[in-house]
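Take a look at the structure below.
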Amino acid sequence: MDKEQQYKRVFGHLDTNGDGKLSPPELQICLGKIGGELSLEEAEIAAALMDSDGDGLLSMEDLVQAVEGANEEEKIKDLKMAFKMYEEKEGSGCITPKSLRRMLSKLGESRTVNDCKVMIAKFDVNGDGVLNFHEFREMMV
């Protein structure tokens, strides 16, 4: 089952009246099933925030967009944590060839500083010899 089929299946379970849209009460019921609480007013606000066509209801595309957006935020958070492990020193904002070599060594991969310079050069957009978070993110995706 591919991702789209999974979304359709989940959406079908949430769309209790089968009209192809999720209403605030359906959102409220859905969250209740997974152990959360949402007042009807909160469900209406959530629906309005995620609704792309202004009808106050969520289409499957709206739900997919909300889920995928949350996944993207989680990925960025994880990348930031990984970036901190590779930084020259915490808060420096960059990965140097030496800090990359040190982290790779901790992971059991032996590399020279020159090897690390070559690795960094492939993603070093601004040519400063180090990786900032945006360059690191491009490297990891």
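The values are calculated or read from the model by the stated rules, or taken from the named source; none is laboratory data. Just so it is clear, the structure is predicted and the values come from calculations on it, not from any experiment. Note: ideal-geometry Cβ built from the backbone for every residue, glycine included; neighbour counts use all protein chains shown.
Taking the criterion of being touching a helix residue (DSSP H, G or I) at 6+ places or on another chain (Cβ under 9 Å) and either assigned to a loop (DSSP other than H, G, I, E, B) or not assigned by TED's automatic domain parsing to the domain that holds Glu68 (or both), the residues of the stretch 37-56 that qualify are Glu37, Leu38, Ser39, Asp51, Ser52, Asp53, Gly54, Gly56. Among the residues of the stretch 124-138, is there at least one that is modelled with pLDDT of 85 or more, over 17 Å from the mean Cα position of the chain (by Cα) and under 30 Å from Leu27 (Cα atoms)? No, the stretch 124-138 contains no residue that is modelled with pLDDT of 85 or more, over 17 Å from the mean Cα position of the chain (by Cα) and under 30 Å from Leu27 (Cα atoms).
For the stretch 24-36, the set of residues classified as of a type in the set (A, V, I, L, M) and assigned to a loop (DSSP other than H, G, I, E, B) consists of Ile34 only. Residues in the stretch 1-20 that are of a type in the set (A, V, I, L, M, F, W, C) and exposed (fewer than 10 other Cβ atoms within 10 Å of the Cβ): Met1 only.
Would you say Thr112 is surrounded by fewer than 16 Cβ atoms within 10 Å (Cβ to Cβ) and not aliphatic (A, V, I, L, M)? So Thr112 fits the description; yes.
Check whether at least one residue in the stretch 83-103 is of a type in the set (A, V, I, L, M), surrounded by 15 or more Cβ atoms within 10 Å (Cβ to Cβ) and either free of Cβ contacts under 8 Å to residues at least 40 places away in the same chain or closer than 30 Å to His13 by Cβ (or both), and report yes or no.
Yes, there is a match, as at least one residue in the stretch 83-103 is of a type in the set (A, V, I, L, M), surrounded by 15 or more Cβ atoms within 10 Å (Cβ to Cβ) and either free of Cβ contacts under 8 Å to residues at least 40 places away in the same chain or closer than 30 Å to His13 by Cβ (or both).
Within the stretch 25-72, the set of residues being of a type in the set (Ser, Thr, Tyr) and surrounded by 16 or more Cβ atoms within 10 Å (Cβ to Cβ) comprises Ser59 only.
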